[in-house]
1. Would you list LEU87, LEU30 from the most to the least accessible area, probe 1.4 Å?
2. Residue farthest toward the positive end of the dipole of the chain, with Cβ of Lys/Arg at +1 and Asp/Glu at -1: which of VAL15, ALA75, TYR60?
3. Mind checking the alpha-carbon convex hull of the chain and giving the volume per residue in Å³?
4. What percent does the relative contact order of the chain come to when contacts are Cα pairs within less than 8 Å and at least six residues apart?
5. Dipole of the chain, Cα-centred, from +1 at each Lys and Arg C-beta and -1 at each Asp and Glu C-beta, to the nearest 20 debye?
6. What is the angle, in °, between the Cα long axis of helix 74-86 and the longest principal axis of the Cα atoms in the chain? Nearest 10 is fine, range 0 to 90.
7. Helix-derived [θ] at 222 nm for the chain: sum -39500 (n - 2.57) over DSSP H runs of at least 4, divide by residue count, nearest 500?
Amino acid sequence: MSQLPPRAILVFAVVYESGRRVGRRIDLRLGRATRYRCCDGTYVAGGQYAMTSPGPNAAYSVIVRVYFGSPPTRAMRAQAQHSLDRLELPRPRATG
């Protein structure tokens with residue numbers, strides 16, 4: 001991550017099962033993400049933006065992180081949002 005080129009954008013999503021059954025469904029808008037100046041164990045020039053919440057029907061939890069190789073410009077933020085808009089979360093499994 002510390003080696004990201006200056007105009008690089010990395011969108012990272014993790015879907016995992018959890019006992020979490022409450023909360024608002026994840027909102028994949030970069031403007032709603034929490035910005036962290038520093039990241040988990042390494043430096044990233046543009047920082048980290050993170051979103052965590054339940055997925056559809058609270059069937060699982062989702063963590064989405066966006067990393068920028070330099071402080072994001074308006075164009076970089078738009079490109080990251082475009083990637084978030086295209087992210088397809090898995091459908092919840094039918095129970096019963």
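1. Numbers: LEU87 55, LEU30 5 Å².
Putting LEU87, LEU30 in descending order of accessible area: LEU87, LEU30.
2. Ranked along the dipole, the leading option is ALA75.
3. Values: hull volume 9.3 nm³, N = 96.
Considering the Cα atoms of the chain, their hull volume per residue is 97 Å³.
4. On the way: 179 pairs, mean separation 34.1, N = 96.
Averaging sequence separation for qualifying contacts and normalising by length gives 36 percent for the chain.
5. Values: 15 positive and 5 negative charges, 57 e Å.
Charge dipole, the chain, about its Cα centre: 280 debye, nearest 20.
6. The angle comes out near 20 degrees.
7. On the way: 1 runs with 13 residues, N = 96.
Computed mean residue ellipticity for the chain: -4500 deg cm²/dmol.
The values are calculated or read from the model by the stated rules, or taken from the named source; none is laboratory data. Every value quoted in this text rests on a predicted model; they were computed, and no experiment measured them. In this analysis, Cβ positions are derived from the backbone assuming ideal geometry, glycine residues included, and neighbour counts consider all displayed protein chains. These area figures cover heavy atoms from the full protein model, side chains too; ligands, DNA and RNA do not enter into them. Shrake-Rupley method; radii C 1.70, N 1.55, O 1.52, S 1.80 Å.
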